[in-house]
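What follows draws every value from the coordinates through simple rules; no lab data is involved. Not measured: the values here are computed from a predicted model. Positions of Cβ are backbone-derived with ideal geometry, glycine not excepted, and every protein chain shown enters the neighbour counts.
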Amino acid sequence: MTMGVAVVGLGGISRGHIAAWKRVNGATLRAVCDMVPERAAAVGEEHGVASFTEVEALLERDDIHIVDLCLPPAAHAPVALQALAAGRHVMVEKPIALTLDDATRMREAAVKAGVQLGVVSQLRFSSHMQQLRAWLQEGRLGKPLAAHLELKGFLPFDFYQTSDKAYLRDPESSGGGMLMQVGIHHVDMLRFQLGDVDAVTWARVENLAHPGARVEDFAVAHLTFASGVNGLVESASIWPQEQRRQTHLTIATEQFTIGIVRDRVVETNSQNGQGLPWPEYVPGTHQLQLQDFVDSVASGRPCGVTAGDGARSLAVVRAIYEAGATGTAVDLTGVNAGYREAM
């Protein structure tokens, strides 16, 4: 059976999702939805599919099996809950929700309905990240020791005052600044490679240069993993020399130091000069993750990035914010235990 897909929320990120869905086997785009009538109609006409301005009307169609949410973060939970209650499989952009309570309600609704709930985190699916995870789990690289994540970016200092996306200024509608909007991708990468984060031991979170916003433009934090690995996370949008986001992740093990830019290994150093046979690089893309999601729906296996994955990555970011605000460590062992699941 070919699964019908509807994309809800037609801002910038939706363009990549729509293009990806057109290349996914076993699925076809059948509808789009946006609260702005002109935008919904234009995108529907462009792609030759039905357009809607209300999710309720969209969910009345029985040929829509998957709902892909490309909405601002505050809308993720309420719209996902509608779609899940209607028995639709849901793929939601990161972060899964603004709060862990909402993430829990979403996961419980998916379990009750017997449907899949996935969270966008496409970087996991690159050939290099898949291979690195396999080698780490096999022990081929030796015991992991430490990781350092650097996310450097630049937003004009008047960005939040001039942007037409007013929700980005307020953590109650956006969830946070660069760490939440972009860095959560890479926090998920850390978890994918190294396992659960047990605690954020300390953090510094500030807005240094962006007036008119209540979200951070600078964050640094120390993480401890259940495996014993130490992690350092840096995220900032104040580097004018970096006119586009640059992300560098370094993982050190007993035998190797692996340097990663975005989702590609660019440097491998070993204690004995030994190299590693990295596969040909295939970037992690929306298409690869959406194909995995469709295949998981068809087979009944858990999708590649579950609601539990999305919730635990959200928990790490929120714990960094909490540690920065309170000056105290934040324990995540209870959260991790509560969000492990088969679906």
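Multiply the residue separation of Val261 and Arg140 by 0.36 nm, subtract the distance between their alpha-carbon atoms, and state the gained length in nm to one decimal.
Numbers: separation 121, 0.36 × 121 = 43.56 nm, distance 2.15 nm.
Difference between extended and current length: 41.4 nm.
Need the C-alpha centroid separation for the stretch 259-306 versus the stretch 105-162, integer Å.
The stretch 259-306 and the stretch 105-162 have Cα centres spaced 11 Å from each other.
Counting pairs of alpha carbon atoms under 8 Å apart in space and at least six apart in sequence, what relative contact order in percent does the chain give? Before the final figure, lay out the partial values.
Details: 746 pairs, mean separation 66.6, N = 343.
That works out to 19 percent.
Highest GNM mean-square fluctuation, the chain, Cα pairs closer than 10 Å: which of Pro95, Pro302, Pro279?
Of Pro95, Pro302, Pro279, the Gaussian network model singles out Pro279 as fluctuating most.
Using the Kyte-Doolittle scale, find the helices of the chain whose mean hydropathy is at least 0.0 and whose Cα atoms extend 18 Å or more along the helix's long axis, counting only whole DSSP H runs. Intermediate values should be presented prior to the final figure.
Working: long enough: 100-113 (20 Å, -0.50); 286-299 (19 Å, -0.12); 307-326 (28 Å, 0.37).
Helices meeting the span and hydropathy rule in the chain are 307-326.
Could you give me the radius of gyration and the Dmax of the stretch 1-155, taking only the C-alpha atoms into account and expressing both in angstrom?
When restricted to Cα atoms, the stretch 1-155 yields Rg and Dmax of 17.9, 56 Å.
Just from its helices, what would the mean residue ellipticity at 222 nm be for the chain, if runs of 4 or more DSSP H residues each count -39500 (n - 2.57) and the sum is divided by every residue, rounded to the nearest 500 deg cm²/dmol? Each step should come with its number before you reach the end.
Numbers: 12 runs with 121 residues, N = 343.
Calculated mean residue ellipticity at 222 nm is -10500 deg cm²/dmol.
Quick one: net charge around Leu10, please, counting Lys, Arg +1 and Asp, Glu -1 for every other residue with C-beta under 9 Å from its C-beta.
+1
Lys165: which lysines have alpha carbons under 18 Å from its alpha carbon, excluding same-chain residues fewer than 8 sequence positions away?
Filter leaves Lys94.
Choose one answer from Val197, Val305, Val297: the residue with the largest mean-square fluctuation in a GNM of the chain with alpha-carbon springs under 10 Å.
Answer for the Gaussian network model of the chain: Val297.
Give me the mean projected area, in nm² to one decimal, of the convex hull enclosing the Cα positions of the stretch 145-195.
Numbers: hull surface 17.6 nm².
Quarter of the Cα hull surface area: 4.4 nm².
Taking 0.36 nm per intervening residue step and subtracting the Cα-Cα distance, what contour gain separates Arg133 from Glu254 on full extension? Don't jump to the answer; show the numbers that get you there.
On the way: separation 121, 0.36 × 121 = 43.56 nm, distance 1.56 nm.
Difference between extended and current length: 42.0 nm.
For the chain, place one equal point scatterer on every Cα, skip the solvent, and apply the Debye formula. What is log10 of I(q)/I(0) at q = 0.08, 0.12, 0.14 Å⁻¹?
-0.38, -0.88, -1.19
Given a cut-off of under 8 Å on Cα pairs at least six residues apart, what relative contact order in percent is computed for the stretch 112-248?
Values: 229 pairs, mean separation 44.3, N = 137.
Rounded, it is 32 percent for the stretch 112-248.
Over the alpha-carbon set of the stretch 60-138, divide Rg by the Kirkwood Rh and report the Rg/Rh ratio to two decimals.
Values: Rg = 14.6 Å, Rh = 13.6 Å.
Dividing the radius of gyration by the Kirkwood radius yields 1.07.
Principal axis extents for the stretch 94-213, Cα atoms only, whole Å, descending order, please.
Cα extents, longest axis first: 49, 39, 29 Å.
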